[in-house]
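Every number in this text was worked out from the coordinates using simple rules, so none of it is lab data. What you are looking at is a predicted structure, and each value in this text was computed from that prediction instead of being measured. All Cβ positions, even for glycine, are placed from backbone atoms using ideal geometry, and neighbour counts span all protein chains on display.
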Amino acid sequence: MLRVAFVGCGGIGEQYLSVYRALPFVEVVCCIDADLTRATQAAVSVGKQTLAATDFSVALQDDVDLVVINTPNHLHREQTLAALAAGKHVFLQKPVAASLADAEAIAEAADLAHQRGVITGLYLSYFDQPLMHDLRAMAGQGWFGDVAHLYARLMHRGGLAVSQQVLGGQANWRASLKETGGGCFIQLAVHYVHLFQWMLGARVVRVMAMAKNLHCPGIEGEDLACAILEFSNGALATVDMAWNTAGEQLSVHGTRGTCEYIGNQTLLLDSLNGEFHGHVVHYTGRSQQQSPAAPGAAASQQSQIVIAPSLGDWQNPFNQHRLFLEAVAERRAPFVSIAAGVDDLRVVTAVYESARTGKAVAIERK
Ligand SMILES: NC(=O)c1ccc[n+]([C@@H]2O[C@H](COP(=O)([O-])OP(=O)(O)OC[C@H]3O[C@@H](n4cnc5c(N)ncnc54)[C@H](O)[C@@H]3O)[C@@H](O)[C@H]2O)c1
């Protein structure tokens, strides 16, 4: 039995608590939140024996094997280091931390703990989606030809609500540069920075970006950021993030095929390379709609609806919480390492530097 302390029972935490309730080899010993009402609600939803607490040190007690950290970014360093020092496995929410220095300190502690058999992993919710795994296989099998360009747009109006809250005198960590580490870009883009590098098997080597706060007074970070990333294989990505409007899109464009995933629902596929059948992608290569016979035009665009599984769907074989718990139970490496998350933050930090200086910034790795 894996005995779990669940720390931070706010917006995201409550969405996947059901996974911990459902898995037979997991027992949630305690739910901890600075807000006792939230801790109590979470504890009640998990089980009769689960303790509700406001004090983080409850997670360090002997009856806990694994700590799940869902607290604001600036708390990740202190809580992760304390949990690792106490010999607990840790599953940490993205981004690794609010600063690169904090993230590097966490990676160093995770490395040391690994030598004692302690496992640390990073939660990136996009990997719950079978589609992401299909896209990587499609890229790997050459279905796109050579990938030339990737596109990500993730925009929601959460910043407008935080702005109103802060102007009304209520504190929110998302409004603080120190506590968040930035604005919409650090919060939203880490998913795609990670995903794109993983899909291509290439690293971001240079970035150019602009960022501004256009509609969210009271928030110290940006509510709009547009970045261009250059990868080690020469491909480019455009990554547009916002907290002041809405819309979502993920696209991959190659010399022989393209894929656009719009609004978390509509998948448009088009390839000269024929069939692909994956976990959710089913492309037959036969035409639903004949494209014009222009040079280089693909012959058969197809569309399908793909809905992402919920974060709390423990039966989803890609569910990242379930996979991490299984990895710990079997003493395997996590799907996403802290080191990889640190590298994502390196790119985010370069994006902020580029936005500040107006210059392209090369990513330096030791
Ligand atoms: N897609 C994703 O994977 C995703 C989505 C949203 C948020 N997140 C990440 O999850 C983390 C939390 O975000 P959220 O949206 O749930 O924030 P939130 O503000 O809704 O919840 C944070 C919770 O932490 C509690 N808390 C604050 N200080 C604490 C302390 N010292 N000890 C224990 N609890 C404390 C708060 O009371 C609150 O309930 C952040 O790192 C964020 O980046 C990830």
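When the charge dipole of the chain is built from unit charges on Cβ atoms (+1 for Lys and Arg, -1 for Asp and Glu) and taken about the Cα centre, the candidate among HIS253, SER45, ALA227 whose Cα reaches farthest toward its positive end is HIS253. The phi torsions of the range 314-325, fed into the Karplus equation with coefficients 6.51, -1.76 and 1.60 and a -60° offset, translate into couplings of 6, 7, 5, x, 9, 4, 5, 5, 4, 4, 5, 4 Hz, rounded to whole numbers, with Gly and Pro shown as x. Report, to the nearest 10°, how far helix 190-200 tilts away from the longest principal axis of the Cα atoms in the chain, using its own Cα long axis and a range of 0 to 90°. Between the helix axis and the principal axis of the chain, the angle is about 50 degrees.
Computing FRET efficiency as 1/(1 + (r/R0)^6) for ARG356 and PHE25, where r is the C-beta to C-beta distance and R0 is 30 Å, gives about 0.05. In plain terms, the C-alpha convex hull of the range 16-58 casts an average shadow of 2.9 nm² when viewed from every direction. Take every DSSP beta bridge whose two residues both sit in the chain; close to 60 percent of them are antiparallel. Across every pair of non-identical alpha carbons in the range 82-213, the mean reciprocal distance, once inverted, gives a Kirkwood radius of 17.5 Å.
Look at the alpha carbon pairs under 8 Å that are at least 6 residues apart: their mean separation over the length of the range 235-366 gives a relative contact order of 13 percent. When restricted to Cα atoms, the range 212-351 yields an Rg and a Dmax of 19.3, 55 Å, respectively. Taking Cα atoms of the range 313-359, Rg/Rh with Kirkwood Rh, to two decimals? That ratio equals 1.26. The alpha-carbon atoms of the range 9-133, seen along their principal axes, cover 39, 38, 27 angstrom, with the largest extent given first.
Phi-derived couplings, Karplus 6.51 cos²θ - 1.76 cosθ + 1.60 at θ = phi - 60°, listed residue by residue for the range 80-91: 5, 4, 5, 5, 5, 4, 8, x, 8, 5, 10, 10 Hz, with x used for Gly and Pro. In this structure, HIS149 and ARG116 have a Cβ-Cβ separation that, at R0 = 35 Å, corresponds to a calculated FRET efficiency of about 0.20.
With the convex hull drawn over the C-alpha atoms of the chain, the volume per residue is 141 Å³. Once the convex hull of all Cα atoms in the range 218-272 is built, its volume per residue stands at 83 Å³. Amide H to amide H, with H built 1.01 Å from N, ALA148 comes under 5 Å of HIS253, GLY254, THR255, counting only residues 5 or more places away or on other chains.
Round to the nearest 0.05 the FRET efficiency obtained for LEU36 and SER310 when R0 = 30 Å and r is the Cβ-Cβ distance. Efficiency computed from Cβ-Cβ geometry: 0.65. The Rg/Rh ratio of the range 145-236, with both radii computed over alpha carbons and Rh defined as the Kirkwood radius, is 1.07. With Cα atoms defining each centre, the range 47-101 and the range 1-42 are spaced 11 Å apart in the structure.
Evaluated with a Cβ-only charge set (Lys, Arg +1; Asp, Glu -1), the chain carries a dipole of roughly 340 debye about its Cα centre, given to the nearest 20. Backbone geometry of the range 261-273 corresponds, through the Karplus equation with coefficients 6.51, -1.76 and 1.60 at θ = phi - 60°, to 3J(HN,Hα) couplings of 10, 10, x, 6, 8, 9, 10, 10, 10, 7, 8, 7, 9 Hz, x marking Gly and Pro.
Rounded to whole Å, the principal axis extents of the Cα atoms in the range 21-86 read 30, 26, 18, largest first.
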